[in-house]
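Novice: Got a structure here, written out as structure tokens. Questions coming.
The values are calculated or read from the model by the stated rules, or taken from the named source; none is laboratory data. The structure displayed is predicted, hence computed values, not measured ones. Every residue, glycine among them, receives a Cβ derived from its backbone with ideal geometry; neighbour counts consider all protein chains shown.
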Amino acid sequence: MINYLKSIVKRINISRIKMKQEKIFTLLNEMSLDEKIGQLIQLSGEFFSASDISIGPIEKLGISKKMVNLCGSALNVVGAENIRRVQDQQMQKQPHHIPMLFMSDVIYGFKTIFPIPLGLGSSWDPKLVKRAYSVAAEEASASGNQVAFAPMVDVVHDARWGRVLESPGEDPYLNSVYSKNMVEGLQENLANKTGQVSCIKHYAAYGAVEAGREYNQVDMSLSNLYQNFLPPYKAGVKAGAGMVMTALTTLNGVPSTADKWLLSDVLRKKWKFNGIIISDYASIYELIKHGFARDSTDAALKAIDAGVDIDMKSPCYANGLHELVTNGTLDEEKINNAVLKVLNLKNQLGLFENPYFGASVEKEKNSILTPQKRKLARKLAQESLVLIQNKNNILPLKKDAKVALIGPYANSQKLIGMWAIHGNSKDTVTIADGLRQYTNNLTVTHGTDLCRDKALLKKLGFLTEEDINKIVSSPEKERLHIQNAFKAAKAADIIVLTLGEETYEAGEAGAKTNLNIAPNQLKLLDKLSQLNKPIILVLISGRPLVLTKVKDKVDAILESWFPGTEGGNAIADILFGKVNPSGRLTMSFPYASAQEPLYYNHLSTGRPENNSQHVGRFVSKYIDASARALYPFGYGLSYGKIKYSNLTISSERLFLDKPVKISLDIENLSDYDRKETVQLYIHQETASIVQPVKRLIDFTKIAISGHSSQHVEFYINASQLSFYDNIGRSHKESSKIQVYVGTNGVQLLKGKFDFINKRS
């Protein structure tokens, strides 16, 4: 047992050990079976909201007051005073006074809210994102939180799925780079109690839910799983994440929460992960609903046997583990191993000496939403915004232009998105406030509601009738809104129109089949376009939307995502040219909703739409729409013009021990200083497993002054050319390799070399 504990200590490697291993082992031996089980139970805040546990939550979940008192961790209990109260309360009830772990969703900020991760991905700046996660960790720790359920690194292919807003995007390599930096950002200051233990999620392949429907099944080949979906989780584990959360789905017919192959064979044995595996919310109980377990006791057995250490918000471990041990079905050693991981993490965080971790009322007041943190949020929002259209260089705006700012997001503070659960929209800078810093010639009108479909709003599941009636204006008021908007637009030189999604439309359980902007918003756009004045569309959304019928009615489009606390300032900085936009899409925008799932790195087909031996009808295409993306992966505009040239490959052959150098020149042809994300893709022409038409293997983001040039170099080595077969084995095979370098996944310079799978 001592040797096992030593291996855990070595693997997790979060901070120095506070208590000697032998003492933890002694503590474990002294604990009763129920105490041990308690350490594997996580309950939410309502269980600890009063001096005595309220009866309601206990009855609803179906666990005993005794097990609540022995509970080892809490979900979404935050605030320094609150943490201290609950910790004192629970430790008093613990026979061995073992401190609790406090965990929460800190996905893209705590109080200072950064852009949603899909926006952060669009920055193509992992080091800046790492800083953001370090800031989020500092704020969360001051409020007493210890474990952040982040990053979410699921590779996402289907914009119908509401949770795409939590992911960096559709590419496994790029998501892996972000995964590493997000984990490191969260955990880098754990030793001085201003960090967070990182819990990567949702393991595995949750982003591939069938039909983009929440909690749906996932079914795919092992080559696809290993090559396109597992890499970001592996990168997070390699970066030292202390925790992994299981997905709420089945993977190839087995629920991830009870998948012994996925959790034990791959995660623990292959990847050497010895941290804590935690279920997602109630996912152990849901093994019954999946038809994988007979009852809650059977569900508990299958989950702990697969390797799940903590049961989040379900009665299964609380009610089932004791019986399983006492009747001989389950070896208590399984429970001991899980409890050791939990105790060891508490020890590493120093909770046995200071059970409050970083919780401090004073730090909470002084470290949250500071000017420096707001400055970083503003910078990240600037980098995350993607200019996807700019006809006739209508942007940047001139400061003397008379601007009508119109639309439901014109003066709204609801720019932080659904999953910023600890953020306060009242701290958010509006778009109107941002623009007022640049112009006095500004008229602001509401224009229309975000959504007037009461039935849809009701289906969101978060809004009461009273809430909905506040969101949806009366017909008379709506007519007045449109009249005022038309009047303001008529008197202006430029229309800045803010449209997009309602906050609760995008996020968990926000799956939808229609990715178009709401009809009432389109009606407003149609009316304003009759004026034949320049229209700048500022789009607020948590996913790619269908803009096929919108793009021809507006002059510019700025995809702003849910941009966070400093969103209004960042949008104004871009529109008025203080900052040159540099965001690039990390998720493809479709021509039509029915194209989904849509992603750039799809496999080759025997009958491609272009360059096929067949012509006309009998190629891979739609007869009523393009099969391509309206705006592709990697796409985005900046002010000014850039030129790529002189692509050179250092050798015609790449060997196992001899990389090739890819070089090119990039020239800024404009007066504008800018940042440029140079993207490197490859395609392997022949392989025993068909390879994607192209896949990203490297990128660099450079700053390039106006009317200047830069020479850029990449190195490609044999490891970047490996792929997986249908039993999950890695391969390298000799082949001709196409090389593509450019400003997005479509506009590319091309070259080639031969890969020889041997030493030179």
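Novice: Test Ser719 against the criterion of being of a type outside the set (Asp, Glu), exposed (fewer than 13 other Cβ atoms within 10 Å of the Cβ) and touching a residue at least 24 places away in the same chain (Cβ under 8 Å), and give yes or no.
Specialist: no
Novice: While we're looking at this one, here's another question. Filter segment 606-638 for residues that are of a type in the set (Ser, Thr, Tyr) and within 23 Å of Pro544 (Cβ to Cβ) and give the result. Please lay out each step first, then the result.
Specialist: Filtering segment 606-638 down to residues of a type in the set (Ser, Thr, Tyr) leaves 612, 620, 622, 626, 631, 635, 638.
Hits for segment 606-638 are Ser620, Tyr622, Ser626, Tyr631, Tyr635, Ser638.
Novice: Which residues, taken from segment 321-365, are under 29 Å from the mean Cα position of the chain (by Cα) and charged (D, E, K, R)?
Specialist: Lys341, Lys346, Lys363, Glu364, Lys365
Novice: Of the residues Ala509, Ala432, Ala455, only one is at positive phi and either without any contact (Cβ under 8 Å) to a residue 40 or more places away in the chain or among the hydrophobic types (A, V, I, L, M, F, W, C) (or both); which? Spell out how you get there, then give the answer.
Specialist: Working: Ala432 fails: at positive phi; Ala455 fails: at positive phi.
Exactly one of Ala509, Ala432, Ala455 is at positive phi and either without any contact (Cβ under 8 Å) to a residue 40 or more places away in the chain or among the hydrophobic types (A, V, I, L, M, F, W, C) (or both), namely Ala509.
Novice: Same structure, new question: Of these, Ile689, Ile682, Ile702, which one is in contact with a helix residue (DSSP H, G or I) (Cβ under 8 Å, 6 or more places away or on another chain) and without any contact (Cβ under 8 Å) to a residue 60 or more places away in the chain?
Specialist: Working: Ile689 fails: without any contact (Cβ under 8 Å) to a residue 60 or more places away in the chain; Ile702 fails: in contact with a helix residue (DSSP H, G or I) (Cβ under 8 Å, 6 or more places away or on another chain).
Result of the check over Ile689, Ile682, Ile702: Ile682.
Novice: Report, by residue number, each residue of segment 425-454 that is closer than 20 Å to Glu501 by Cβ and either part of a loop (DSSP other than H, G, I, E, B) or modelled with pLDDT under 95 (or both).
Specialist: Matches in segment 425-454: Thr428, Val429, Thr430, His446, Gly447, Thr448, Asp449, Leu450, Cys451, Arg452, Asp453, Lys454.
Novice: Can you name the condition, by its number, that His96 falls short on among (1) assigned to a helix (DSSP H, G or I); (2) surrounded by fewer than 22 Cβ atoms within 10 Å (Cβ to Cβ)?
Specialist: That leaves (1) as the condition not met.
Novice: Mind checking which pairs have a first residue in segment 77-88 that is on the phi > 0 side of the Ramachandran plot and assigned by TED's automatic domain parsing to the domain that holds Gln42 and a second that is surrounded by 16 or more Cβ atoms within 10 Å (Cβ to Cβ) and not in a helix (DSSP H, G or I), Cβ under 8 Å, 6 or more apart or different chains?
Specialist: From segment 77-88, the pairs are Gly79/Ser143; Gly79/Gly144.
Novice: Same structure, new question: Please give the number of the condition Val579 fails out of (1) under 28 Å from the mean Cα position of the chain (by Cα); (2) more than 17 Å from Gly119 (Cβ to Cβ).
Specialist: (2)
Novice: Here's a check for you: in segment 161-199, which residue that is surrounded by fewer than 24 Cβ atoms within 10 Å (Cβ to Cβ) and of a type in the set (Lys, Arg) is farthest from Asn216 (Cα to Cα)?
Specialist: Among residues in segment 161-199 that are surrounded by fewer than 24 Cβ atoms within 10 Å (Cβ to Cβ) and of a type in the set (Lys, Arg), the one farthest from Asn216 (Cα to Cα) is Lys193.
Novice: Mind checking whether some residue in segment 498-518 is more than 30 Å from Tyr206 (Cα to Cα) and among the hydrophobic types (A, V, I, L, M, F, W, C)? Full working, then the answer.
Specialist: To start, the set of residues in segment 498-518 that are more than 30 Å from Tyr206 (Cα to Cα) comprises 498.
Next, from what is left, pick out any that are among the hydrophobic types (A, V, I, L, M, F, W, C): none.
No.
Novice: So if I check each of Lys477, Lys399, which one is surrounded by fewer than 18 Cβ atoms within 10 Å (Cβ to Cβ), among the basic types (Lys, Arg) and in a loop (DSSP other than H, G, I, E, B)?
Specialist: On the way: Lys477 fails: in a loop (DSSP other than H, G, I, E, B).
The match here is Lys399.
Novice: Still on this structure, please answer the following. Quick one: how many residues across segment 129-166 are over 15 Å from Lys363 (Cβ atoms) and either assigned by TED's automatic domain parsing to the domain that holds Glu501 or free of Cβ contacts under 8 Å to residues at least 60 places away in the same chain (or both)?
Specialist: Counting residues in segment 129-166 that are over 15 Å from Lys363 (Cβ atoms) and either assigned by TED's automatic domain parsing to the domain that holds Glu501 or free of Cβ contacts under 8 Å to residues at least 60 places away in the same chain (or both) gives 5.
Novice: Here is a further query. Can you say whether Ala318 is over 30 Å from Phe633 (Cβ atoms), in contact (Cβ under 8 Å) with a residue 40 or more places away in the chain, aliphatic (A, V, I, L, M) and not assigned by TED's automatic domain parsing to the domain that holds Lys551, as far as the supplied structure shows? Don't jump to the end; show me each part of the working.
Specialist: Values: over 30 Å from Phe633 (Cβ atoms): yes; in contact (Cβ under 8 Å) with a residue 40 or more places away in the chain: yes; aliphatic (A, V, I, L, M): yes; not assigned by TED's automatic domain parsing to the domain that holds Lys551: yes.
The answer is yes for Ala318.
Novice: Then there's this: Among residues belonging to segment 259-285 that are within 17 Å of Asp105 (Cα to Cα) and touching an Asp or Glu at 6+ places or on another chain (Cβ under 6 Å), point out the one that is surrounded by the fewest Cβ atoms within 10 Å (Cβ to Cβ).
Specialist: Restricting attention to segment 259-285, the residues satisfying the condition of being within 17 Å of Asp105 (Cα to Cα) are 276-283.
Now drop any that are not touching an Asp or Glu at 6+ places or on another chain (Cβ under 6 Å), which leaves 276-277, 279.
Details: Ile276: 26, Ile277: 24, Ser279: 28.
It comes out as Ile277.
Novice: Among the listed residues Arg617, Arg607, which satisfies the condition of being in contact with a Ser or Thr (Cβ under 9 Å, 6 or more places away or on another chain), among the basic types (Lys, Arg) and surrounded by fewer than 17 Cβ atoms within 10 Å (Cβ to Cβ)?
Specialist: Numbers: Arg617 fails: in contact with a Ser or Thr (Cβ under 9 Å, 6 or more places away or on another chain).
Answer to the selection: Arg607.
Novice: How many residues are closer than 16 Å to Gly447 by Cβ and either assigned to a helix (DSSP H, G or I) or among the basic types (Lys, Arg) (or both) when one looks only at segment 489-524? Steps first, please.
Specialist: As a first pass, look at segment 489-524 and keep what is closer than 16 Å to Gly447 by Cβ: 489-492, 494-502, 517-524.
Now narrow it down to the ones that are either assigned to a helix (DSSP H, G or I) or among the basic types (Lys, Arg) (or both): 489-490, 519-524.
Number of matching residues: 8.
Novice: Listed residues Val496, Val546, Val538; which is in contact (Cβ under 8 Å) with a residue 24 or more places away in the chain, in contact with a helix residue (DSSP H, G or I) (Cβ under 8 Å, 6 or more places away or on another chain) and under 15 Å from Phe589 (Cβ atoms)?
Specialist: On the way: Val496 fails: under 15 Å from Phe589 (Cβ atoms); Val538 fails: under 15 Å from Phe589 (Cβ atoms).
Of Val496, Val546, Val538, the one residue that is in contact (Cβ under 8 Å) with a residue 24 or more places away in the chain, in contact with a helix residue (DSSP H, G or I) (Cβ under 8 Å, 6 or more places away or on another chain) and under 15 Å from Phe589 (Cβ atoms) is Val546.
Novice: Any idea how many residues of segment 628-665 are surrounded by 16 or more Cβ atoms within 10 Å (Cβ to Cβ), in a loop (DSSP other than H, G, I, E, B) and among the small types (Gly, Ala, Ser)?
Specialist: 4
Novice: List the number of the failed condition for Ser256; all other conditions in (1) surrounded by 24 or more Cβ atoms within 10 Å (Cβ to Cβ); (2) closer than 23 Å to Lys201 by Cβ; (3) of a type outside the set (A, V, I, L, M, F, W, C); (4) without any contact (Cβ under 8 Å) to a residue 40 or more places away in the chain hold.
Specialist: Just one mismatch for Ser256, condition (4).
Novice: Looking only at segment 402-424, which residues are buried (at least 23 other Cβ atoms within 10 Å of the Cβ) and either of a type in the set (S, T, N, Q) or outside any loop (DSSP other than H, G, I, E, B) (or both)?
Specialist: Val403, Ala404, Leu405, Ile406 - these are the residues of segment 402-424 that are buried (at least 23 other Cβ atoms within 10 Å of the Cβ) and either of a type in the set (S, T, N, Q) or outside any loop (DSSP other than H, G, I, E, B) (or both).
Novice: Check His707 against each of (1) under 32 Å from the mean Cα position of the chain (by Cα); (2) at pLDDT 95 or above; (3) assigned to a loop (DSSP other than H, G, I, E, B); (4) not aromatic (Phe, Trp, Tyr) and name the one condition it does not meet.
Specialist: (1)
Novice: In segment 460-474, which residues are part of a helix (DSSP H, G or I) and either in contact with an Asp or Glu (Cβ under 9 Å, 6 or more places away or on another chain) or surrounded by 16 or more Cβ atoms within 10 Å (Cβ to Cβ) (or both)?
Specialist: Residues satisfying the conditions are Ile468, Ile471.
Novice: Looking at this structure, is Val579 out of contact with any Lys or Arg (no Cβ under 7 Å at 6 or more places or on another chain) and outside any loop (DSSP other than H, G, I, E, B)?
Specialist: Values: out of contact with any Lys or Arg (no Cβ under 7 Å at 6 or more places or on another chain): yes; outside any loop (DSSP other than H, G, I, E, B): no.
Spelling it out, it is not the case that Val579 is out of contact with any Lys or Arg (no Cβ under 7 Å at 6 or more places or on another chain) and outside any loop (DSSP other than H, G, I, E, B).
Novice: Say we look at segment 328-385 and pick out the residues that are part of a helix (DSSP H, G or I) and β-branched (Val, Ile, Thr); which of these is surrounded by the fewest Cβ atoms within 10 Å (Cβ to Cβ)? Can you show your working first?
Specialist: To start, the set of residues in segment 328-385 that are part of a helix (DSSP H, G or I) comprises 332-348, 361-367, 371-384.
Subset that is β-branched (Val, Ile, Thr): 335, 339, 342, 361.
Numbers: Ile335: 23, Val339: 24, Val342: 21, Val361: 14.
Per the criteria, the residue is Val361.
Novice: Pick out the one residue from Ser141, Ser176 that is in a helix (DSSP H, G or I), among the polar types (S, T, N, Q) and farther than 29 Å from Ile24 by Cβ. Break it down into steps so the answer makes sense when it comes.
Specialist: On the way: Ser141 fails: farther than 29 Å from Ile24 by Cβ.
It is Ser176.
Novice: Please find, among Leu387, Leu405, Leu397, the residue that is closer than 30 Å to Lys675 by Cα and touching a Phe, Trp or Tyr at 6+ places or on another chain (Cβ under 6 Å).
Specialist: Testing whether each residue is closer than 30 Å to Lys675 by Cα and touching a Phe, Trp or Tyr at 6+ places or on another chain (Cβ under 6 Å) leaves just Leu397.
Novice: I'd like to check something: does segment 700-715 contain any residue that is surrounded by 13 or more Cβ atoms within 10 Å (Cβ to Cβ) and among the acidic types (Asp, Glu)?
Specialist: No, because not a single residue in segment 700-715 is surrounded by 13 or more Cβ atoms within 10 Å (Cβ to Cβ) and among the acidic types (Asp, Glu).
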